[in-house]
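S.K.: Pasting a structure here, questions to come.
Laboratory data are not the source of any read-out in this text; all were calculated from the coordinates shown. From a predicted model like this one, the values you see are computed outputs, not experimental measurements. Here the Cβ is made from the backbone with ideal geometry for all residues, glycine too, and neighbour counts use every protein chain on show.
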Amino acid sequence: MNINTSSLDGVSTIEIARPEKKNALTQAMYQAMAEAIAAASADDAVRALLIIGQPGVFTAGNDLEDFMQRPPLGADSAVGRFMLGLLACDKPVVAAVGGAAVGIGATMLLHCDLVYVSEQARLVLPFVGLGLVPEFASSLLLPLRLGHARAAEKLLLGEPIGGAEAVALGLATALVAAGDLLPHARRMAERFNALPPGAVRDSKRLMRAGSAEAITRAMQAESAIFSQRLRSPEAMEAMQAFLQKRKPDFSRF
């Protein structure tokens with residue numbers, strides 16, 4: 001399945017485990033993560049969720065072959081269910097990023113509560129270069145956090161964000177030594193065991209209430225344009241070039 005799940009000491013862990021493909025995500029993997037989030041949300045014994053990747057890679061984003069064969073269109077797609085499940089999760093979500101976090105690997109972090117990164121972390125938002133548009137409300141949230149000019153550099157030019165920069169920009173909670181990244185993230189997730197769960201859930205809801213409607217609108221707008229752009233000649237050229245291991249040629253567009 002390439003998604004490992006476990007529950008221990010009040011923490012439900014979702015591990016992306018497809019290192020041979022740099023943890024590239026398929027629709028089946030999105031479905032498994034959506035189900036894991038739903039199960040953790042419904043389990044009173046779970047006080048926090050922890051999302052991790054493999055040493056050196058969080059996730060390379062979508063598996064493009066799977067993506068092109070089964071384009072994820074709409075909220076009822078597997079990726080849509082994962083996105084909405086993460087957005088609706090009322091328990092704290094902790095992420096540990098020790099390598100590449102590409103596409104949705106980066107945008108999902110905007111919806112986590114605590115994000116710990118190592119120096120090896122590298123967040124990349126390659127949507128425009130693939131002939132697409134940002135997703136998961138990143139077109140709203142990134143300018144809000146970074147300001148328009150810096151967000152444009154990351155979203156329009158696809159400039160990568162290193163671990164230290166992610167912390168400085170407010171995209172990550174703290175920089176942690178690579179060897180202690182996963183233990184530290186787990187320790188922080190386990191701290192919620194000592195806190196009143198109702199107060200945690202209510203506080204998280206209040207923290208997000210002011211932006212909830214705007215995030216939903218942004219996701220709907222992005223999804224509509226994303227679906228159109230998937231069928232565009234620009235997107236087809238970008239994805240074919242990626243699969244053929246060549247540079248895309250946008251000169252004729």
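S.K.: Of the residues in segment 119-139, how many are within 14 Å of G105 (Cα to Cα) and either assigned to a helix (DSSP H, G or I) or of a type outside the set (F, W, Y) (or both)?
M.R.: To start, the set of residues in segment 119-139 that are within 14 Å of G105 (Cα to Cα) comprises 121-127, 134-138.
Then keep just the ones that are either assigned to a helix (DSSP H, G or I) or of a type outside the set (F, W, Y) (or both); that gives 121-126, 134-135, 137-138.
Qualifying residue count, segment 119-139: 10.
S.K.: Being small (G, A, S), surrounded by fewer than 21 Cβ atoms within 10 Å (Cβ to Cβ) and in contact with a Pro (Cβ under 6 Å, 6 or more places away or on another chain) narrows it down to one residue among G129, G147, G158; which is it? Before you say what the answer is, go through the steps one by one.
M.R.: Details: G129 fails: in contact with a Pro (Cβ under 6 Å, 6 or more places away or on another chain); G147 fails: in contact with a Pro (Cβ under 6 Å, 6 or more places away or on another chain).
When all the criteria are applied, what remains is G158.
S.K.: For E65, work out the one condition from (1) free of Cβ contacts under 8 Å to residues at least 60 places away in the same chain; (2) surrounded by fewer than 23 Cβ atoms within 10 Å (Cβ to Cβ) it doesn't fulfil.
M.R.: E65 satisfies all of (1) free of Cβ contacts under 8 Å to residues at least 60 places away in the same chain; (2) surrounded by fewer than 23 Cβ atoms within 10 Å (Cβ to Cβ) except (1).
S.K.: Here's a follow-up. Could you give me the residue pairs with C-beta distances under 6 Å whose first residue belongs to segment 93-118 and is at positive phi, whose second residue is assigned to a helix (DSSP H, G or I) wherever it lies, and which are 6+ apart or on separate chains?
M.R.: Close Cβ pairs (under 6 Å, with a partner that is assigned to a helix (DSSP H, G or I)) do not exist here.
S.K.: Now a separate question. Applying the selection to segment 140-168, what residues are part of a loop (DSSP other than H, G, I, E, B) and touching a strand residue (DSSP E or B) at 6+ places or on another chain (Cβ under 7 Å)? Can you show your working first?
M.R.: Kept after step one, since they are part of a loop (DSSP other than H, G, I, E, B), are these residues of segment 140-168: 147, 156-160.
Selection gives G158, P160.
S.K.: Restricting attention to segment 19-29, which residues are surrounded by fewer than 23 Cβ atoms within 10 Å (Cβ to Cβ) and touching a residue at least 24 places away in the same chain (Cβ under 8 Å)? Steps first, answer last, please.
M.R.: Going residue by residue through segment 19-29, those that are surrounded by fewer than 23 Cβ atoms within 10 Å (Cβ to Cβ) are 19-22, 26-28.
Listed by number, the residues that qualify are P19, K21, K22, T26, Q27, A28.
S.K.: Only residues in segment 174-192 that are assigned to a helix (DSSP H, G or I) count as the first member; pair them with residues that are aromatic (F, W, Y), Cβ under 7 angstrom, at least 6 apart or cross-chain, and list the lot.
M.R.: L181/Y116; H184/Y116; A185/Y116
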